[in-house]
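Visitor: One structure, pasted below without further comment.
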Amino acid sequence: MAPTHCKARLPSSIFSRAAVLTAIVLLCLTTIAPAASPPDFKLKDLEGDWFTLGDHLGKEVIYVTFWATWCVPCRREMPHLQEMADDFGDQGFLVIGVNTDPPATKSKIKPYLRRIKITYPTVLDPNSNVLDKYNPTRELPYAVLIDRTGNVHEIFPGYRAGDEIRLRKAVESLLAHDSQPGEPSNG
Amino acid sequence: MVRRWILAVFLVLSASVGTTQDQEQSPTPSFRLFGQTTSYLELNEAEDGNSDEDYTKFKQLLSFNVEWSKWTVGAQVEYLYYSDPELADRLDLDRLRDTLELRRYYVDYTSDHFQGRLGTFFSSLGRGLTLFVQKNEALGFDEPIHGGTATVTFDHIDVTVLGGKVTEPVLQNQYNRDFEDTVWGGRILARLPHDFYVGGSFVHSELDRFYPEGVDDVDVWSLEAGNAEIGGVLDVHAEWAELERVGAFGTKEGYGGYLSASSYFGPFTILGEYKDYWNFQYRYNSPPNAGRAIESYSHNDVKGPRLIVSADILSIGAIISGSYGWFDSHKKETSPGGTGGDSQNEWYVTLEEIAGPVYFLSSYFNRNWADRKIREEHIIADLHLSTGEREEFIVGYDQRLEKSSYFSVATHRSYAGYSVSPYGVISVRYAWEDKSGFETEDFWGLELQYLPKPTMTLTLFGGADPGGLVCAGGQCRIEPQFKGYKATFSWRF
């Protein structure tokens, strides 16, 4: 039977294995630079129309937030995001909700958004292949704030009460002062 | 002593990664590179205090993606170490993996009319009726399809094809060997005027049989139609699927029908569904279900409707929801001489307050299997009280009960914590398990989640956890009991 995984064996000694692993990690850390731009994606919205993040990069301040109907911290964060979308939408702030509910529970998404009065755009990542690029361990919510140059300004993993204050200040700052292209991100 | 050394090395590495990032001031690269490293350490202590049965588990994940123009290349490497693999819990889904594995690898191309990927990927077709291969982080399900997929978009038509090898995580763990299956298929979806859509999907799979040795061939197809927004207030989806399995004991046929409709008026939202699944579950499908994602559902033989009504009462962000479903099986129709059926009534009510300084969730779930004489209950209460602009106090309680004429099992979990944004949460957990005929078992735990930076998360846990049935995202598994220490460090770059 053909194997379904690419597998490799390491030297038997735990110390040798640890050394190889540490070398791999350190090599990666020393040769890479932090991501400047977020991964682009093309997903369908609730009406079946395509949405491409790249069409908006460099034009608006964007908050891409991954969520699911069963995720309590996501549900707590969403009313705050709607408030910010209402307050700053006309200044060029765009919130994109990326829903990661599996197809089996897709029927719940629209009723839930109606229930809590969410009107900012929502796109669907039913197989979480986009979330997998942004956050391979897939904790929810997970969000990135992107400045007007199209670079990641800050990452927001999880949600704790009060995180919305930090986000609001960051958005106000980005809207007031356009970031310079190539500015190092702290995300 | 070795365990302490491993813990020390783990913490030093965590700190050094943070320092490394502080010092990085690299210029913007011409390509984009992003990824994550996660280190996970588990020090397991034996239930009976016999230190000879203690063992250590260490897992290191390195994921990265490089994006250049319309291309993305990604990989994830996993290093896994057990100090004594023989002692690993049988319910631990990692225990059969190799020491070093390439868990993800892919080349991805996206353009206006084409999306393609070679390598590993997750996919679903027909809302899960014909195919459902997903990662579920909360349950540890992480077995992608190894192959390729492509979607071509014409003006109003999307065509998707896919194929590859896949394995089912729970089954392979249960039978102590790999199950290497093949799936291939596709989906076509046409968008019609006025938001109507119509389409269909087909999947052929070859399933490695556990007994007798061989392969089962499963063919499943579905037709679907619906409208995303009729008159601005009604969302409808209907799907019909048929399945044929050719195995060692002949050919078996089944079907699955699903209808859902949702609407709203004033403060009310309504969601109704009707499902009729007969002989329909196979290794790689998970049909639609509007029930709670934190409960277990079987999709092989069930039929009946469900209605969910929700409202934002008083327009202050307090959402009240009620759901009622009544289901039966096909036993009366298919069993020789008929049976009493397998009826179940399921209902739940939830009150959730999501606005303002108090977050409150309380929920009661009840499922009554009249013919089996089994009752299930699930109670949830979760309160978050702001004690400052960035701080809150958290208390919660969760109880699962399963009761029949012969036995009852109740698992209680409670927790109290303090959260400070953006730094993290510290919480104390206390759980206890009541099984009929056994003494009550207690489980204490202390957890600290600390975010030194938004890109880094350190989680430490010490104590015990009862395990048991855990459900997330509509999937469930039995988790093993745990006693000992856990540490996780993630860094996103």
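Visitor: For the condition within 24 Å of B:THR72 (Cα to Cα) and either surrounded by fewer than 23 Cβ atoms within 10 Å (Cβ to Cβ) or within 7 Å of another protein chain (Cβ to nearest Cβ) (or both), what is the one hit in A:PRO103, A:PRO111, A:PRO126, A:PRO141? Even if it seems obvious, please write down each step before you answer.
Guide: On the way: A:PRO103 fails: within 24 Å of B:THR72 (Cα to Cα); A:PRO111 fails: within 24 Å of B:THR72 (Cα to Cα); A:PRO141 fails: either surrounded by fewer than 23 Cβ atoms within 10 Å (Cβ to Cβ) or within 7 Å of another protein chain (Cβ to nearest Cβ) (or both).
Unique residue meeting the criteria: A:PRO126.
Visitor: Can you work out which of the residues in the range B:52-76 that are part of a strand (DSSP E or B), more than 10 Å from every other protein chain (Cβ to nearest Cβ) and touching a strand residue (DSSP E or B) at 6+ places or on another chain (Cβ under 7 Å) is modelled with the lowest pLDDT? Spell out how you get there, then give the answer.
Guide: We begin by selecting, within the range B:52-76, every residue part of a strand (DSSP E or B); these are B:55-68, B:71-76.
Subsequent filtering for residues that are more than 10 Å from every other protein chain (Cβ to nearest Cβ) retains B:55-57, B:59, B:68, B:71, B:73.
Imposing the further condition that a residue be touching a strand residue (DSSP E or B) at 6+ places or on another chain (Cβ under 7 Å) reduces the set to B:55-57, B:59, B:71, B:73.
Values: B:TYR55: 91, B:THR56: 93, B:LYS57: 94, B:LYS59: 94, B:TRP71: 86, B:VAL73: 90.
Filtering first and then ranking leaves B:TRP71.
Visitor: Applying the selection to the range A:85-112, what residues are assigned to a helix (DSSP H, G or I) and in contact with a strand residue (DSSP E or B) (Cβ under 6 Å, 6 or more places away or on another chain)?
Guide: Within the range A:85-112, the first condition is being assigned to a helix (DSSP H, G or I), and the residues that meet it are A:85-91, A:103-112.
Within the range A:85-112, A:ALA85, A:PRO103, A:SER107, A:ILE109, A:LYS110, A:PRO111 qualify.
Visitor: Which one of these does B:TRP432 not meet: (1) out of contact with any Phe, Trp or Tyr (no Cβ under 6 Å at 6 or more places or on another chain); (2) over 30 Å from B:ILE374 (Cβ atoms); (3) surrounded by fewer than 19 Cβ atoms within 10 Å (Cβ to Cβ)?
Guide: B:TRP432 satisfies all of (1) out of contact with any Phe, Trp or Tyr (no Cβ under 6 Å at 6 or more places or on another chain); (2) over 30 Å from B:ILE374 (Cβ atoms); (3) surrounded by fewer than 19 Cβ atoms within 10 Å (Cβ to Cβ) except (2).
Visitor: Can you name the residue in the range B:304-317 that is outside any loop (DSSP other than H, G, I, E, B) and surrounded by fewer than 17 Cβ atoms within 10 Å (Cβ to Cβ) and is also modelled with the lowest pLDDT among such residues?
Guide: First, pick out the residues of the range B:304-317 that are outside any loop (DSSP other than H, G, I, E, B): B:304-313.
Imposing the further condition that a residue be surrounded by fewer than 17 Cβ atoms within 10 Å (Cβ to Cβ) reduces the set to B:305, B:307, B:309, B:313.
Numbers: B:PRO305: 96, B:LEU307: 96, B:VAL309: 94, B:ILE313: 74.
The residue in question is B:ILE313.
Visitor: Exactly one condition in (1) closer than 30 Å to B:GLU53 by Cβ; (2) acidic (Asp, Glu); (3) without any contact (Cβ under 8 Å) to a residue 24 or more places away in the chain is false for B:ASP89; which is it?
Guide: It is condition (3) that B:ASP89 fails.
Visitor: Would the range B:99-111 turn up any residue that is within 26 Å of B:ARG477 (Cβ to Cβ), in contact with a strand residue (DSSP E or B) (Cβ under 7 Å, 6 or more places away or on another chain), free of Cβ contacts under 8 Å to residues at least 24 places away in the same chain and among the charged types (D, E, K, R)?
Guide: no
Visitor: Next question, about the same structure. Test B:PHE360 against the stated conditions and say whether it is at pLDDT below 95, hydrophobic (A, V, I, L, M, F, W, C) and over 25 Å from B:SER321 (Cβ atoms). Explain how you work it out, then say what you get.
Guide: On the way: at pLDDT below 95: yes; hydrophobic (A, V, I, L, M, F, W, C): yes; over 25 Å from B:SER321 (Cβ atoms): no.
It is false that B:PHE360 is at pLDDT below 95, hydrophobic (A, V, I, L, M, F, W, C) and over 25 Å from B:SER321 (Cβ atoms).
Visitor: Given the criteria at pLDDT below 90, more than 25 Å from B:MET456 (Cβ to Cβ) and within 16 Å of the chain's Cα centre (by Cα), does A:ASN151 qualify? Give the derivation first.
Guide: Details: at pLDDT below 90: yes; more than 25 Å from B:MET456 (Cβ to Cβ): no; within 16 Å of the chain's Cα centre (by Cα): yes.
The answer is no for A:ASN151.
Visitor: Looking only at residues that are in a loop (DSSP other than H, G, I, E, B) and within 15 Å of B:PRO454 (Cβ to Cβ) in the range A:167-187, which one is modelled with the lowest pLDDT?
Guide: Within the range A:167-187, the first condition is being in a loop (DSSP other than H, G, I, E, B), and the residues that meet it are A:177-187.
This time we only want the ones that are within 15 Å of B:PRO454 (Cβ to Cβ), so: A:184-187.
Details: A:PRO184: 40, A:SER185: 41, A:ASN186: 39, A:GLY187: 34.
Taking the candidates together, the pick is A:GLY187.
Visitor: Can you find even one residue in the range B:224-238 that is closer than 17 Å to B:ARG283 by Cα and under 24 Å from the mean Cα position of the chain (by Cα)? Give the steps one after another, and end with the answer.
Guide: Step one: filter the range B:224-238 for residues closer than 17 Å to B:ARG283 by Cα, giving none.
Checked the range B:224-238: no residue is closer than 17 Å to B:ARG283 by Cα and under 24 Å from the mean Cα position of the chain (by Cα).
Visitor: Please tell me if B:VAL152 is in contact with a Lys or Arg (Cβ under 9 Å, 6 or more places away or on another chain) and either among the hydrophobic types (A, V, I, L, M, F, W, C) or part of a helix (DSSP H, G or I) (or both).
Guide: Criteria not met by B:VAL152.
Visitor: Continuing with the same structure: Among the listed residues B:LEU131, B:LEU139, B:LEU100, identify the single one that is among the hydrophobic types (A, V, I, L, M, F, W, C), more than 9 Å from chain A (Cβ to nearest Cβ) and within 30 Å of B:ASP84 (Cα to Cα). Spell out the reasoning first.
Guide: Details: B:LEU131 fails: within 30 Å of B:ASP84 (Cα to Cα); B:LEU100 fails: more than 9 Å from chain A (Cβ to nearest Cβ).
Only one candidate qualifies: B:LEU139.
Visitor: Of the conditions (1) touching an Asp or Glu at 6+ places or on another chain (Cβ under 8 Å); (2) more than 9 Å from chain B (Cβ to nearest Cβ); (3) modelled with pLDDT of 90 or more, A:GLU164 clears all except one; give me its number.
Guide: Only one criterion in (1) touching an Asp or Glu at 6+ places or on another chain (Cβ under 8 Å); (2) more than 9 Å from chain B (Cβ to nearest Cβ); (3) modelled with pLDDT of 90 or more is unmet by A:GLU164, namely (2).
Visitor: Moving on to the next point. Among what's in the range B:243-283 and is over 22 Å from B:GLY322 (Cβ atoms) and assigned to a loop (DSSP other than H, G, I, E, B), pick the residue that is farthest from the other protein chains (Cβ to nearest Cβ).
Guide: Looking at the filtered set, the residue picked out is B:PHE249.
Visitor: Next question, about the same structure. Search the range A:91-117 for residues that are free of Cβ contacts under 8 Å to residues at least 40 places away in the same chain and pair each with any residue that is of a type in the set (Lys, Arg) and surrounded by 20 or more Cβ atoms within 10 Å (Cβ to Cβ) when their beta-carbon atoms are under 8 Å apart and the residues are at least 6 apart or on different chains.
Guide: If the second residue must be of a type in the set (Lys, Arg) and surrounded by 20 or more Cβ atoms within 10 Å (Cβ to Cβ), the pairs left are A:ASP101/A:LYS108; A:PRO103/B:ARG127; A:ALA104/B:ARG127; A:LYS106/B:ARG127.
Visitor: Which one of these is outside any loop (DSSP other than H, G, I, E, B), at pLDDT 90 or above and more than 10 Å from chain A (Cβ to nearest Cβ): B:TYR109, B:TYR79? Show your work before the answer.
Guide: Values: B:TYR79 fails: more than 10 Å from chain A (Cβ to nearest Cβ).
Every option except B:TYR109 fails the conditions.
Visitor: Any idea which residue in the range B:33-51 is nearest to the other protein chains (Cβ to nearest Cβ), counting only those that are farther than 28 Å from B:ARG103 by Cα and out of contact with any helix residue (DSSP H, G or I) (no Cβ under 9 Å at 6 or more places or on another chain)? Reasoning before the result, please.
Guide: First, the residues of the range B:33-51 that are farther than 28 Å from B:ARG103 by Cα: B:45-51.
When the remaining residues are screened for being out of contact with any helix residue (DSSP H, G or I) (no Cβ under 9 Å at 6 or more places or on another chain), the result is B:48-51.
Numbers: B:ASP48: 27, B:GLY49: 26, B:ASN50: 23, B:SER51: 20 Å.
Going through the qualifying residues, I end up with B:SER51.
Visitor: Starting from the range B:119-134, keep only residues that are on the phi > 0 side of the Ramachandran plot and crowded, with 24+ Cβ neighbours inside 10 Å, then list their pairs with residues that are of a type in the set (S, T, N, Q) and at pLDDT 95 or above whose Cβ atoms are within a distance under 8 Å, requiring at least 6 positions of separation or different chains.
Guide: B:GLY126/B:SER201; B:GLY126/B:SER222
Visitor: Follow-up. Is the range B:184-206 home to any residue that is within 30 Å of B:ALA88 (Cβ to Cβ), in contact with a strand residue (DSSP E or B) (Cβ under 8 Å, 6 or more places away or on another chain), modelled with pLDDT of 95 or more and among the hydrophobic types (A, V, I, L, M, F, W, C)?
Guide: No: the range B:184-206 contains no residue that is within 30 Å of B:ALA88 (Cβ to Cβ), in contact with a strand residue (DSSP E or B) (Cβ under 8 Å, 6 or more places away or on another chain), modelled with pLDDT of 95 or more and among the hydrophobic types (A, V, I, L, M, F, W, C).
Visitor: Please specify each residue of the range B:164-220 satisfying the condition of being buried (at least 16 other Cβ atoms within 10 Å of the Cβ) and among the hydroxyl-bearing types (Ser, Thr, Tyr).
Guide: B:THR167, B:THR182, B:TYR197, B:SER201, B:SER205
Visitor: Of the numbered conditions (1) assigned to a strand (DSSP E or B); (2) within 13 Å of chain A (Cβ to nearest Cβ), B:SER286 fails exactly one; give the number of that condition.
Guide: Single failed check for B:SER286: (1).
Visitor: Might you let me know whether the range B:212-232 holds any residue that is in contact with a Phe, Trp or Tyr (Cβ under 8 Å, 6 or more places away or on another chain) and not in a strand (DSSP E or B)?
Guide: no
The values are calculated or read from the model by the stated rules, or taken from the named source; none is laboratory data. Everything numeric here is computed off the predicted structure, so don't read it as measured data. Positions of Cβ are generated from backbone atoms using ideal geometry, with glycine treated the same way; all protein chains shown enter the neighbour counts.
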